[in-house]
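*Asks:* Pasting in a structure now, in structure tokens, and then I'll have a few things to ask.
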There are 4 protein chains.
Amino acid sequence: MKALLLKGPRELSIEDVPEPRPEPGWVLVKTSAVGICGTDKAFYTGSYPLFKKPIVPGHEVAGVVVSEGELKGRLVVSEINFPCGRCEYCRRGLYTHCPYRRTLGIDFDGGFAEYFVAPEQALHVVEGLLDPVEATQVEPLAAVLNAFAQYPPEPGDNVAVVGTGNLALLAAQVLKWMGVDPVVVARRGSSKAHYFEKMGFTVMSLDEVREYIKRRTPEGLGFDMVVEATGGTQGLDTAIEIARPRGVVHLKSTPGSKFTVDLTRAVVKEVRIVGTRCGTFREFRKAIELMSRGLVKPVITSVFEGIDSSVKAFEKSLSEGEVKVVVRL
Amino acid sequence: MKALLLKGPRELSIEDVPEPRPEPGWVLVKTSAVGICGTDKAFYTGSYPLFKKPIVPGHEVAGVVVSEGELKGRLVVSEINFPCGRCEYCRRGLYTHCPYRRTLGIDFDGGFAEYFVAPEQALHVVEGLLDPVEATQVEPLAAVLNAFAQYPPEPGDNVAVVGTGNLALLAAQVLKWMGVDPVVVARRGSSKAHYFEKMGFTVMSLDEVREYIKRRTPEGLGFDMVVEATGGTQGLDTAIEIARPRGVVHLKSTPGSKFTVDLTRAVVKEVRIVGTRCGTFREFRKAIELMSRGLVKPVITSVFEGIDSSVKAFEKSLSEGEVKVVVRL
Amino acid sequence: MKALLLKGPRELSIEDVPEPRPEPGWVLVKTSAVGICGTDKAFYTGSYPLFKKPIVPGHEVAGVVVSEGELKGRLVVSEINFPCGRCEYCRRGLYTHCPYRRTLGIDFDGGFAEYFVAPEQALHVVEGLLDPVEATQVEPLAAVLNAFAQYPPEPGDNVAVVGTGNLALLAAQVLKWMGVDPVVVARRGSSKAHYFEKMGFTVMSLDEVREYIKRRTPEGLGFDMVVEATGGTQGLDTAIEIARPRGVVHLKSTPGSKFTVDLTRAVVKEVRIVGTRCGTFREFRKAIELMSRGLVKPVITSVFEGIDSSVKAFEKSLSEGEVKVVVRL
Amino acid sequence: MKALLLKGPRELSIEDVPEPRPEPGWVLVKTSAVGICGTDKAFYTGSYPLFKKPIVPGHEVAGVVVSEGELKGRLVVSEINFPCGRCEYCRRGLYTHCPYRRTLGIDFDGGFAEYFVAPEQALHVVEGLLDPVEATQVEPLAAVLNAFAQYPPEPGDNVAVVGTGNLALLAAQVLKWMGVDPVVVARRGSSKAHYFEKMGFTVMSLDEVREYIKRRTPEGLGFDMVVEATGGTQGLDTAIEIARPRGVVHLKSTPGSKFTVDLTRAVVKEVRIVGTRCGTFREFRKAIELMSRGLVKPVITSVFEGIDSSVKAFEKSLSEGEVKVVVRL
Ligand SMILES: NC(=O)c1ccc[n+]([C@@H]2O[C@H](COP(=O)([O-])OP(=O)(O)OC[C@H]3O[C@@H](n4cnc5c(N)ncnc54)[C@H](OP(=O)(O)O)[C@@H]3O)[C@@H](O)[C@H]2O)c1
Ligand SMILES: NC(=O)c1ccc[n+]([C@@H]2O[C@H](COP(=O)([O-])OP(=O)(O)OC[C@H]3O[C@@H](n4cnc5c(N)ncnc54)[C@H](OP(=O)(O)O)[C@@H]3O)[C@@H](O)[C@H]2O)c1
Ligand SMILES: NC(=O)c1ccc[n+]([C@@H]2O[C@H](COP(=O)([O-])OP(=O)(O)OC[C@H]3O[C@@H](n4cnc5c(N)ncnc54)[C@H](OP(=O)(O)O)[C@@H]3O)[C@@H](O)[C@H]2O)c1
Ligand SMILES: NC(=O)c1ccc[n+]([C@@H]2O[C@H](COP(=O)([O-])OP(=O)(O)OC[C@H]3O[C@@H](n4cnc5c(N)ncnc54)[C@H](OP(=O)(O)O)[C@@H]3O)[C@@H](O)[C@H]2O)c1
Ligand SMILES: [Zn+2]
Ligand SMILES: [Zn+2]
Ligand SMILES: [Zn+2]
Ligand SMILES: [Zn+2]
């Protein structure tokens, strides 16, 4: 089959590789669409080292099950953590942290290929609910939901989202659904803020947010919760600054490089910084429901056609103003 | 009265100043002993800017109440946050974050003087329970307890303490009382590790801890909880490294300068970084009880006599190997 | 002034009494409207003993401030707990449990009179936001919000509300706002279920709910959260039955008499039963916001005019099918 | 092999039955000792209906693994929930609630026989750490730890234990280890209170506790946490009475029959009633550690020898003053 192989920074090519073979309990899936995420870009640009070389990237993936069984012929999305099911983390329900897991498109060949394999248990049917291109966004939406499942806002809380990328867009919509109308903190000259404005969100610069806090949050002390999703190493400083004493900062960015942050301020304010990552099957289900009911609408800025367009798609994904690039197979 | 005045970096002198006068509900306290804390040193060396200039430093303080009333003549320690009692933070019970509060020795004249004033409600009687010198350590012990009140370990958890200063010593003892026997992570050549060893704690270098984690924590993935108390900007990186997925990192250090940390790792592991600061009246009470029952023993490495020795005491507090310097008046 | 005096079971009369006089920090309020709540009925029928005899009942109250000051002339609603502000519960932020508090209409004369007094701090302006009759429902709505502030559902959770009275109606709407679409469990022949249906909620009998659970909740084991608001002593058994293992049961009913419940089942399922009561100033604010934005609409089934109609209003409030009876003054 | 068969209320006999055969992943264990728990008694007296008829009772069990494998020849204790490992509850880490589980001695033949079978994963080695008789108490100790894992006390909290049976004894010791010195509430004329006194615990009658609360708990309002372990239906009323506002009541008793309780009081005080049951592998490990380090010492009041003594042992277990009856095989 044809697959996109990443061999090192910027070394990306379509090659012919053997079709992967599912183990017992796993199935073969024909890829329908696959999105490019921050991690993919970090592997591509080299800000992350590769865990497997070469690797087929792609973990935001939808496809049709080929193997026999209950799921055969159905459009599915895949969780990305394939755990052992037996270790202590698995037994505690923390299977996304199983040290024996394989992670789709991270250390295990992913969705930028005609086929991929996954454990049946990791698949969620989206047929009749979502089209393949938008279905690729179930995975990041599940990651967003995971943050709020671990540390939910109280409905009516003052919440800010820092950043204007895909996660920020998903987070803002999820927050709205949860009874919270977030303020979005964008860079001056942001190339993506307009997507938020179109959806009716309040977008502000950091200076405006500082004013807002003084006037509109209790005693002028800041937001109950801040979601950091800038993709950079500076956003956390902003998030800590605008969080109130005892506030929660959801940290989503994974830039790879070191952060430089004033954490003395976090101690003095007693802020809690919560790192979160992939959703479990429960968040996948909620994500599918939210998207199929139209409560969360992913913004996909570019769709490429065919696996052969993947290299171009990666290049495109790096350009400013792109929220999400998806390749349809 | 005589007071120690700090006017800027390294500008410290004993001067004659008017005795402070208590407002209604406040009392005048004759200082018995006052300790030097990290914040005092940071003001002194200039790594923190002064909030008030000049300021009488000192918030680890014990003294005898002079004003008429129920407390007259009794040895007390003082909380350091003097809140308004009316704002939203006060009404929610978060009075240590009251934006209208005055903070003893921070933005309000503190204990390095013959007298200081404090609201009666902020005082806790230690007479007959503690001697004045050790009583100065109620305040930092309350700050340690506050961390565990907010995010307690489960008894029997794997916990590490990174750092070997005063807070680390107090935290280790509190953890032991809570059914947790912590591992202490010290620098090679540490000047203070021996205090922990004398108390029976296990002290390790970072390399040894890495080995320990592999062999002794579930699936070799790290500690359930890590207390960062190094006073520096490097300790957090260690803390995140040795915490397990979904582990809690208590962040206590307030070095002033920026931290440089690999927070991508914190996101991937879903670590929660919890900044905490001063205790409330509840932690003060528990601190007094723990110390008076001998369950926590502060380590005071140098005691100076008389307010006039304060400048020397400050210099001494900067030397390696000092855990806590206290001046007895 | 004219006031409604309750002297014992069914002993209710309009009498002339002296106008109450506000203490310092308190204000006199001219009553605009006052609702009848379950507690009022329980005092009236005698299922609760009176805490004060005679008492002016009424704690769901809106009025216009008469005393000089910032609030003069403005339409307000009142919190019902008037705490001491100094005790340990107050300082911890648990002021609704202050043992020295006075409670409006419970152990302190309430709103069924031409005037009542309250501390300025307990009042919330609703002028321009709510009309007096609906404003009476801010208080019960705050009580509902308090439950979810303490133990929030996760958005998308399976939640059931047992009961069809006023609290159930408010809870169902709040849940919807929080991203949860609750199932309402009504008695066969319920006199109030139609209010829920009109609002678009799914209403079921217990038998239907049992079927629903099997088909629609994970592994057929029940609801993540159940709100018990039947006003009776039987609803809790239902709530425990339909909650899933480790589910949360919000217990709101205060029938006075003893409950007879199969709690062995609660132990085996590891259910958490959470009793909750009055909201704090934070829930009052959210309640006002929710109602003024039309996100929660109280159902008021009867409005009586004038303090003289109060006895009739009480009688009416006992009849089946009444959700909420309010007297406008 | 010989086994004790329970066929209905008081119908207990030793019979010859086929040895159970382990499924793949399971092992055969030769019973060394087995304790009699409240549930066993409830089945025996008929206050619980049998889930399986006849059943071999016994879930507090230690034995030596007979089957080939890593565990062969080693003394082990067994968890009692044998889950499917695949359902949603299993994947969330709530495997003790797996609806497809088999439960040792409850709905699946247990330890009152020469042999029993269990999944290898459910077994915990105690060889060299515990003798078989005391090892039977790992299971109830794990159940106690489970309560505190879900809702831990804060160290230094005011905690009461209501009841004087085996669970109460284990809970009191665990609490002490956690930095809490509980008050034990016993019946007047209690037959078991002396065990607590011997261990140094403070034992009081309900009247004495009421006095204690007034004098020794903040504002005289009650305990932060109460552990209800009376085995009866009355203890919960006491527990709610003596808990403070917002306190936690751990409910452990499973009498089978209905409780009659004043839950209006629980609502007014905003008490949280937390039902908890079996521990997971994590609590089993902690239990073994606590017992092997001598931090928790089970009280075994009668030891019978040989499976043939089992019927007598059951009769004995019903007599007053018995804390725990164990049969050694
Ligand atoms: N933890 C998880 O669960 C998870 C899951 C998926 C991805 N991620 C990571 O999350 C991060 C965000 O990914 P993404 O795909 O949503 O977005 P992204 O493509 O990284 O875009 C973030 C955008 O935020 C804006 N921005 C950058 N710095 C900012 C600042 N200081 N203040 C305000 N706005 C700023 C920029 O857009 P403008 O041009 O509009 O300024 C930037 O393009 C990445 O690091 C990604 O790898 C994490
Ligand atoms: N948040 C709060 O509640 C609170 C309260 C009081 C103080 N503080 C702050 O907490 C910090 C600690 O104060 P402190 O008085 O306990 O201690 P400290 O005087 O700052 O001493 C910490 C000691 O830890 C050791 N250390 C430094 N870096 C280390 C590393 N990377 N790994 C292991 N050990 C390391 C050093 O001792 P060796 O010579 O033995 O290596 C150092 O002297 C300060 O920043 C202080 O201002 C916070
Ligand atoms: N804890 C708090 O914060 C708080 C605050 C305010 C009031 N309360 C208390 O909360 C309770 C509810 O008060 P409320 O004013 O909402 O309602 P309510 O007037 O007590 O009405 C509850 C209604 O629920 C229905 N119902 C009764 N038993 C039921 C059952 N077993 N299953 C299903 N439905 C049942 C009945 O209506 P149908 O005719 O439709 O069957 C009943 O009229 C009262 O005890 C009140 O005192 C508590
Ligand atoms: N949820 C779980 O995890 C779990 C696990 C195992 C067992 N259990 C259940 O927990 C309950 C307790 O079992 P157990 O074996 O510890 O004890 P138990 O044998 O039921 O003994 C409890 C003892 O408490 C005393 N007592 C009874 N009523 C009391 C009251 N109102 N106030 C104070 N003391 C009272 C009595 O002893 P005196 O003669 O001294 O008065 C009684 O014998 C049982 O229902 C059992 O089935 C639950
Ligand atoms: Zn695993
Ligand atoms: Zn304040
Ligand atoms: Zn009070
Ligand atoms: Zn299962």
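*Asks:* Among D:268, D:261, which is the only one that is within 14 Å of chain C (Cβ to nearest Cβ) and open to solvent by 10 Å² or more (accessible area, probe 1.4 Å)?
*Replies:* Within the list D:268, D:261, the selection yields D:268.
*Asks:* Let me ask something else. For region B:187-208, name all the residues that are of a type in the set (Gly, Ala, Ser) and within 19 Å of the chain's Cα centre (by Cα). Before the answer, list the steps.
*Replies:* Of region B:187-208, the ones of a type in the set (Gly, Ala, Ser) are B:189-191, B:193, B:200, B:205.
Once the filter is applied, which keeps residues that are of a type in the set (Gly, Ala, Ser) and within 19 Å of the chain's Cα centre (by Cα), region B:187-208 yields only B:193.
*Asks:* Sticking with this structure for a sec: Given C:47, C:32, C:13, C:67, which one is more than 16 Å from ligand 6 (Cβ to nearest atom), surrounded by fewer than 17 Cβ atoms within 10 Å (Cβ to Cβ), not β-branched (Val, Ile, Thr) and not in a loop (DSSP other than H, G, I, E, B)?
*Replies:* On the way: C:47 fails: not in a loop (DSSP other than H, G, I, E, B); C:32 fails: surrounded by fewer than 17 Cβ atoms within 10 Å (Cβ to Cβ); C:67 fails: not in a loop (DSSP other than H, G, I, E, B).
Checking each option against the conditions leaves just C:13.
*Asks:* If the Cβ limit is 7 Å and pairs must be 6+ apart or interchain, which residue in region A:267-282 that is without any contact (Cβ under 8 Å) to a residue 40 or more places away in the chain and closer than 15 Å to residue A:235 by Cα pairs with which residue that is in a helix (DSSP H, G or I) and of a type in the set (Gly, Ala, Ser)?
*Replies:* Qualifying pairs under 7 Å: A:273/A:266; A:275/B:266.
*Asks:* Every residue in region A:310-329 that is open to solvent by less than 50 Å² (accessible area, probe 1.4 Å) and touching a helix residue (DSSP H, G or I) at 6+ places or on another chain (Cβ under 9 Å), please.
*Replies:* A:314, A:317, A:322, A:323, A:324, A:325, A:326, A:327
*Asks:* Further question: Identify the residue in region B:196-239 that is on the phi > 0 side of the Ramachandran plot and surrounded by 19 or more Cβ atoms within 10 Å (Cβ to Cβ) and, among all such residues, is nearest to ligand 1 (Cβ to nearest atom).
*Replies:* Per the stated criteria, the residue is B:222.
*Asks:* Another question about this same structure. Do we find that residue D:91 is under 22 Å from residue D:5 (Cα atoms) and either more than 16 Å from ligand 6 (Cβ to nearest atom) or open to solvent by 50 Å² or more (accessible area, probe 1.4 Å) (or both) in this structure? Lay out the reasoning, then the answer.
*Replies:* Numbers: under 22 Å from residue D:5 (Cα atoms): no; either more than 16 Å from ligand 6 (Cβ to nearest atom) or open to solvent by 50 Å² or more (accessible area, probe 1.4 Å) (or both): yes.
No; evaluated as a whole, the condition is false for this residue.
*Asks:* Shifting gears a bit: Residue A:59 versus (1) out of contact with any Lys or Arg (no Cβ under 8 Å at 6 or more places or on another chain); (2) under 25 Å from residue A:287 (Cβ atoms); (3) open to solvent by 40 Å² or more (accessible area, probe 1.4 Å): which is the lone unmet condition?
*Replies:* Residue A:59 satisfies every listed condition except (3).
*Asks:* Only one residue in C:193, C:135, C:118, C:186 is surrounded by fewer than 23 Cβ atoms within 10 Å (Cβ to Cβ), among the small types (Gly, Ala, Ser) and out of contact with any Cys (no Cβ under 7 Å at 6 or more places or on another chain). Which one?
*Replies:* C:193
So that you can scan it fast, the table gives a plain yes or no per residue for (1) assigned by TED's automatic domain parsing to the domain that holds residue A:24; (2) more than 16 Å from ligand 6 (Cβ to nearest atom); (3) in contact with a Pro (Cβ under 7 Å, 6 or more places away or on another chain); (4) at pLDDT below 95:
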{"residue": "A:119", "(1), (2), (3), (4)": "yes, yes, no, no"}
{"residue": "A:122", "(1), (2), (3), (4)": "yes, yes, no, no"}
{"residue": "A:125", "(1), (2), (3), (4)": "yes, yes, no, no"}
{"residue": "A:128", "(1), (2), (3), (4)": "yes, yes, no, no"}
{"residue": "A:153", "(1), (2), (3), (4)": "no, yes, no, yes"}
{"residue": "A:158", "(1), (2), (3), (4)": "no, yes, no, no"}
{"residue": "A:161", "(1), (2), (3), (4)": "no, yes, yes, no"}
{"residue": "A:166", "(1), (2), (3), (4)": "no, yes, yes, no"}
{"residue": "A:169", "(1), (2), (3), (4)": "no, yes, no, no"}
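*Asks:* Residue B:252: facing chain A (nearest Cβ under 7 Å), buried (at least 24 other Cβ atoms within 10 Å of the Cβ) and of a type in the set (Lys, Arg), yes or no?
*Replies:* yes
*Asks:* Restricting to region B:158-194, name every residue that is touching a residue at least 60 places away in the same chain (Cβ under 8 Å), within 7 Å of ligand 2 (Cβ to nearest atom) and not in a loop (DSSP other than H, G, I, E, B).
*Replies:* Correct list: B:162, B:166, B:167, B:168.
*Asks:* Separate question: Since residue D:99 meets every condition but one in (1) surrounded by fewer than 21 Cβ atoms within 10 Å (Cβ to Cβ); (2) touching a strand residue (DSSP E or B) at 6+ places or on another chain (Cβ under 8 Å); (3) more than 14 Å from chain A (Cβ to nearest Cβ), which condition does it not meet?
*Replies:* (2)
*Asks:* Counting only residues that are under 27 Å from residue D:313 (Cβ atoms) and within 14 Å of chain A (Cβ to nearest Cβ), which one in region D:48-95 is nearest to ligand 3 (Cβ to nearest atom)?
*Replies:* D:81
*Asks:* Continuing with this model, one more query. Yes or no: residue C:82 more than 16 Å from ligand 4 (Cβ to nearest atom), closer than 23 Å to residue B:94 by Cα and open to solvent by less than 10 Å² (accessible area, probe 1.4 Å)?
*Replies:* Yes; evaluated as a whole, the condition is true for this residue.
*Asks:* Against the conditions (1) farther than 30 Å from residue A:77 by Cβ; (2) in a helix (DSSP H, G or I); (3) open to solvent by 10 Å² or more (accessible area, probe 1.4 Å), where does residue A:289 fall short? Just the number, please.
*Replies:* So the condition that residue A:289 fails would be (1).
*Asks:* Here is a further query. Which condition breaks for residue D:244 when tested against (1) within 16 Å of ligand 7 (Cβ to nearest atom); (2) open to solvent by 20 Å² or more (accessible area, probe 1.4 Å); (3) touching a helix residue (DSSP H, G or I) at 6+ places or on another chain (Cβ under 6 Å)?
*Replies:* Going through the list (1) within 16 Å of ligand 7 (Cβ to nearest atom); (2) open to solvent by 20 Å² or more (accessible area, probe 1.4 Å); (3) touching a helix residue (DSSP H, G or I) at 6+ places or on another chain (Cβ under 6 Å), residue D:244 breaks only (3).
*Asks:* Moving on to the next point. What do you reckon, is residue D:69 more than 20 Å from residue D:328 (Cα to Cα) and within 16 Å of ligand 8 (Cβ to nearest atom)?
*Replies:* For residue D:69, the condition - more than 20 Å from residue D:328 (Cα to Cα) and within 16 Å of ligand 8 (Cβ to nearest atom) - is not met.
*Asks:* Considering (1) under 18 Å from the mean Cα position of the chain (by Cα); (2) surrounded by fewer than 19 Cβ atoms within 10 Å (Cβ to Cβ), say which one residue C:276 fails and leave the rest.
*Replies:* Looking at each condition in turn, residue C:276 falls short on (2).
The values are calculated or read from the model by the stated rules, or taken from the named source; none is laboratory data. What you see is a predicted model; the values in this text were computed from it and never measured. When we count neighbours, we look across all protein chains shown, and the Cβ atoms used for this are built from the backbone with ideal geometry, even at glycine. Ligands, DNA and RNA are stripped out before the accessible areas are found, and what is left, the full protein with its side chains, is counted by its heavy atoms. Shrake-Rupley method; radii C 1.70, N 1.55, O 1.52, S 1.80 Å.
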